[in-house]
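The block underneath contains the structure these notes are about, expressed in structure tokens.
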Amino acid sequence: MAHANARTTVYARKLIIARVLAGHRPGEVAKQLGISRQTVYKWVRRWRTEGAAGLADRSSRPHRMPRRTSPETVARIIA
């Protein structure tokens, strides 16, 4: 199942990689699949650094939240 916000599926990402490796230019691949060039470059970069595992869906949750509610405030709200 694809990530809820994903513009491509794992199958489409593999297709991107296959077409780029076959010699197609990233701009051509983007146009063929209806996505941006930046998206093509992102998936190619992830594939080169992480292999097939890099094509899997990822969480859209932020890595950090500097303005996050403090645990003390959360505990008072819950209580």
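What nm distance separates the two modelled labels at ALA53 and SER70, each placed 7 Å from Cα along Cα→Cβ?
3.8 nm
Ordering TYR41, TYR11 from largest to smallest accessible area (1.4 angstrom probe), what's the sequence?
Values: TYR41 120, TYR11 165 Å².
The ordering from most to least exposed comes out as TYR11, TYR41.
Leaving out ligands and nucleic acids, and using a 1.4 Å probe, what accessible area per residue does the chain come to in Å²?
On the way: 6430 Å² over 79 residues.
Accessible area per residue, the chain: 81 Å².
Under 1.5 on a/c is rounded, so check that first for region 1-57, then, if it is not, pick prolate when a/b is larger than b/c and oblate when it is not; a ≥ b ≥ c are the square roots of the alpha carbon gyration tensor eigenvalues.
Since a/c reaches 1.5 but b/c is at least a/b, the shape of region 1-57 is classed as oblate.
Ignoring ligands, DNA and RNA, what percent of the accessible area of the chain is carbon or sulfur (1.4 Å)?
Working: 3460 of 6430 Å².
In the chain, the share of accessible area belonging to carbon and sulfur is 54 percent.
Sorted by packing (mean other beta-carbon atoms within 10 Å per residue), highest first, where do 65-71, 43-49 land? Write down the numbers at each step before the final one.
Values: 65-71: 7.4, 43-49: 15.3.
Answer by packing, highest mean first, reads 43-49, 65-71.
Summing -39500 (n - 2.57) over the DSSP H runs of n ≥ 4 in the chain and dividing by its residue number, what mean residue ellipticity at 222 nm do you reach, to the nearest 500 deg cm²/dmol?
Details: 4 runs with 42 residues, N = 79.
Roughly -16000 deg cm²/dmol at 222 nm, from the helical runs in the chain.
The values are calculated or read from the model by the stated rules, or taken from the named source; none is laboratory data. Computed from a predicted structure; not experimentally measured. All Cβ positions, glycine included, derive from the backbone under ideal geometry; neighbour counts span all protein chains shown. Side chains included, ligands, DNA and RNA excluded: accessible areas come from the protein's heavy atoms. Shrake-Rupley method; radii C 1.70, N 1.55, O 1.52, S 1.80 Å.
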